[in-house]
Amino acid sequence: MARRSRQSLSQTLLWLNIRDLGEFSLTRLQRLANVSYREVYRYTQELIKGGYIDELGEAPQDRAVHPIGRGPNIYRLVRDTGPKPVRYYLERDELIDPNLPDCPTSDPMDRCWQAIRIYGQRFTAAQIEEVADLKHRECLDYLRRFIKCGYVRKLSPPTRPPVYRLIRNSGPLCPMFSKGGSCFDPNTQERHEPDQPLT
Amino acid sequence: MGLVFGFAGAGKTTATARTAVSAGALYLRCSPVWTPSGLLDDLAKELRVNTYRRNQATLRAVVDVLDQSRRAVFLDDCDQLFVCNEPLKLFESIRYIHDQANVPLLFVGQETFESKIRRWEQPQRRISEIIEFKPLSLDDAAAIAQARCEVEVTEDLLAQLHKECDGSCGRIVVGLSAIEKLGRQQEIKRVDLDLWKQSGLRFFLQMQRLRS
């Protein structure tokens, strides 16, 4: 998996766990998200700068049990803008919140997923292109990936143009695909390999 | 609050869905079995907010996230709201969420929805923007044909299609795809009314007058 998509996956896991926990220590967050401590530290520091979390200080109840006699610091989510992970771009040193309406970037695959969820039961590639503002080939590529991972199905008998149906509406977050075709669904936090559709 | 209304097939869903996707708005299709707690559950699911046993706690969580994100909420198929058991209660819940979160809210429904909502003072008073989707003109149909159809459609054929479509955007798109199919089959780049009549094809499976 490329470095960029690994970074994006880590941040997704961290944001989802931060929202679930509300209050957390870095070690607990690291354990739940299963990413490196360095990434946890860097991401939380950026979220503090962006005003998303506050550092509450040392947790007194942990002081006694901690091996060096000092409890871990506790953080609290104070600005919950929504389900999409707030992204930190190291190269640009920039924090971007895709939940905000004025977000400067919009992921085309995410737009495709949102359009598919709106139509749901019955749609054509042309409808998705129109709503998600995608090019034809781009749209077909995304649909192919969703079909491969068991989210979308082509309706039979085959028609021209083909009609599709959303068969697994797992939630508002777009599934993430790696170059090898494996998929991680941030809604259910499940991973699976290509040609092994989620059950 | 805003209201978008028009007859079925006018293109309301496509237009509002496109706006919702590009603006990152929450898009919900109204359900005929919604209750205030059902509405809250659906909103919480879209925002991935925990639901609580007490509606008040879920409402607080939903309002907090909406307030922080400033995302607009689009409610499509609003005609279904009147099929629910207690529509007024539901409207009051929607109004409360709108007031508390202070986010734009858009109702999307058919003509009947517009006439029904006018009867109720509370929701009607808060609607500041109203957009009506009217039947498409021949010029609109020509613009769609130019943008969407791979073969050239002559003026007489387009006028015939427009007449049979009764201004429905959805039907014009279906009709154009039938014309396109004929063009592909016969490997021609231009289809006129005579050729269309000779083919014996129909724009739609069943002719039906949409508007009288």
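Just so you know, all these numbers are worked out from the coordinates, no wet-lab data involved. A quick note: this is a predicted structure, and the numbers were derived from the prediction, not measured. Because the Cβ atoms are built from the backbone with ideal geometry, glycine has one as well, and the counts that use them run over all protein chains shown.
Overview of results
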read-out	value
Listed residue (A:P158, A:T188, A:L47) projecting farthest to the positive dipole end of chain A, Cβ model	A:P158
At R0 = 30 Å, FRET efficiency that the Cβ-Cβ distance of B:L182 and A:L155 yields, to 0.05	0.80
Cα-centred dipole magnitude for chain A, charges only on beta-carbon of K, R (+1) and D, E (-1), debye, nearest 20	760 debye
Sorted by Cβ density within 10 Å, fewest first, the residues B:S69, B:S115	B:S115, B:S69
Using alpha-carbon coordinates, inclination of helix B:87-101 to the longest axis of chain B, degrees	80 degrees
Acute angle (nearest 10 degrees) that the helix B:55-69 long axis makes with the longest principal axis of chain B, alpha-carbon atoms	60 degrees
Residue order, fewest to most surrounding Cβ atoms within 10 angstrom, among A:Y164, A:Y89, A:Y119	A:Y89, A:Y119, A:Y164
Number of partner chain Cβ atoms within 10 Å, mean per residue of B:35-46	1
Qualifying trypsin sites (Lys or Arg not before Pro) for region A:84-122 [loop in DSSP, other Cβ within 10 Å: at most 15]	A:R92, A:R122
Region B:151-192 pair-distance distribution - Cα-Cα, 5 Å bins, rounded %	6, 27, 31, 23, 11, 3
Estimated FRET transfer efficiency (A:L32, A:D102; beta-carbon r; R0 30 Å; 0.05)	0.45
Antiparallel bridge percentage (DSSP; both residues within the protein assembly as shown; nearest 5)	55 percent
Sites A:N73 and B:K45, calculated FRET efficiency, Cβ-Cβ separation with R0 30 Å, nearest 0.05	0.40
Electrostatic dipole magnitude of chain B [Cβ: Lys, Arg +1; Asp, Glu -1; Cα centre; debye, to 20]	580 debye
Selection of trypsin sites (Lys or Arg not before Pro), region B:11-114, meeting DSSP coil and at most 11 other Cβ within 10 Å	B:R53, B:R54
Degrees separating the helix A:136-148 axis from the principal Cα axis of chain A, which is the longest one	70 degrees
